[in-house]
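Report on one structure; see the data block that follows.
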Amino acid sequence: MAAAGDYVAVIDHEYRFDQIVEAHRRVDSKRKRGNVVVSMVPKLAIAA
C-alpha cells in the first residue's frame, strides 16, 4: 500500500539537531499536525 502511494508522510516541522529543545517543545505543545523531524546531519548546499 505504501508503494502504491496510499500513505503520505505528513511533516509538521523539521529541526536541526542543535534545535532539539525547540523540537520537544513543539511536540509537547500538542499543536503539531504530523511528524516532527530532527535532522542529524546538516543539509548540503547544492550549487545551481
Task: Subset of the range 1-17 [under 14 Å from the mean Cα position of the chain (by Cα) and either modelled with pLDDT under 90 or not aliphatic (A, V, I, L, M) (or both)] - done: Val8, Ala9, Asp12, His13, Glu14, Tyr15, Arg16, Phe17
- [ ] Could you check Ser29 against (1) under 14 Å from the mean Cα position of the chain (by Cα); (2) at pLDDT 90 or above and say which number it fails?
- [x] (1)
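The values are calculated or read from the model by the stated rules, or taken from the named source; none is laboratory data. Remember, it's a predicted structure, so these values are computed and weren't measured experimentally.
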